[in-house]
Amino acid sequence: MESIYGYIRVSTREQNEVRQLVAMREVGVPEKNIYLDKQSGKDFARPQYQKMMQKLKKNDVLYIKSIDRLGRNYTEILEQWRILTKEKKIDIVVLDMPLLDTRRGKDLMGTFLSDIVLQVLSFVSENERINIRQRQAEGIAAAKARGVRFGRPAKPLPENFYQMYRKWKEGGITGTQAAKRCGMALSTFRYRAEKYREERH
């Protein structure tokens, strides 16, 4: 007798899984067969997913809300789909995409269409992930260009820093001596000296 399962994934602990839970209940997935991971979809090393994989057997049905709940990595989604459908011999139903229902169209054309849709959706899913990363990087770069500082604020410079900096630049003392008198590591003194030089120009 085949069983039905539901898999839910949310990216962070703050994200709400209620929408996916409601969808699973609506299609009749028993509570005990709903597996939930609260972590990134970059790979499949997720505890609840792996636990569910051990339970799945031939002819079982697995429901997921959308393809990106399965994962985010294009290559890995396709490989996992192959393992589930070809090796485990289970059916997969993607609720947000009726074409991705392996219970239908078991003939060659049905399988072919399903494979095409899966590949397109997997590509779109990963492409969006890449675009998000790119937008974040561009946002950070733009913020830095506006003078927004990231990370911990720099410690205030010691009172004698500028005096020691001038002496060092004039060759009166070595960098090691200047750093020591400022109570700094040499690398820190050189870094702050370089920042100070840039700010003056």
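Computed from the coordinates by the stated procedures, all read-outs in this text should not be read as laboratory data. Since this is a predicted model, take the numbers as computed values, not measurements.
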The chain: mean projected area of Cα convex hull, nm²: 17.3 nm²
Long-range HN-HN contacts of Leu100 with modeled amide H, under 5 Å: Val94
Cα gyration tensor shape of the range 161-200, rounded if a/c is under 1.5, else prolate or oblate by comparing a/b with b/c: oblate
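Could you sort out which of Lys42/Lys155; Lys38/Lys86; Lys38/Lys58 sit more than 31 Å apart by Cα distance in this structure? Walk me through the numbers on the way to the answer.
Details: Lys42/Lys155 37 Å; Lys38/Lys86 27 Å; Lys38/Lys58 27 Å.
Listed pairs above 31 Å: Lys42/Lys155.
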Karplus (6.51, -1.76, 1.60) ³J(HN,Hα), θ = phi - 60°, over the range 188-198, in Hz, Gly and Pro reported as x: 5, 4, 5, 5, 5, 5, 5, 4, 5, 5, 5
Built amide H within the under 5 Å cut-off of Tyr63, gap 5+: Tyr5, Gly6, Tyr7, Val93
Extension reserve of the Glu26-Thr12 stretch, reckoned as 0.36 nm per residue once the Cα distance is removed: 2.6 nm
Most mobile of Ile116, Ile67, Ile92 in a GNM of the chain (Cα contacts under 10 Å): Ile116
Relative contact order, percent, the chain [alpha-carbon distance under 8 Å, six or more residues apart]: 14 percent
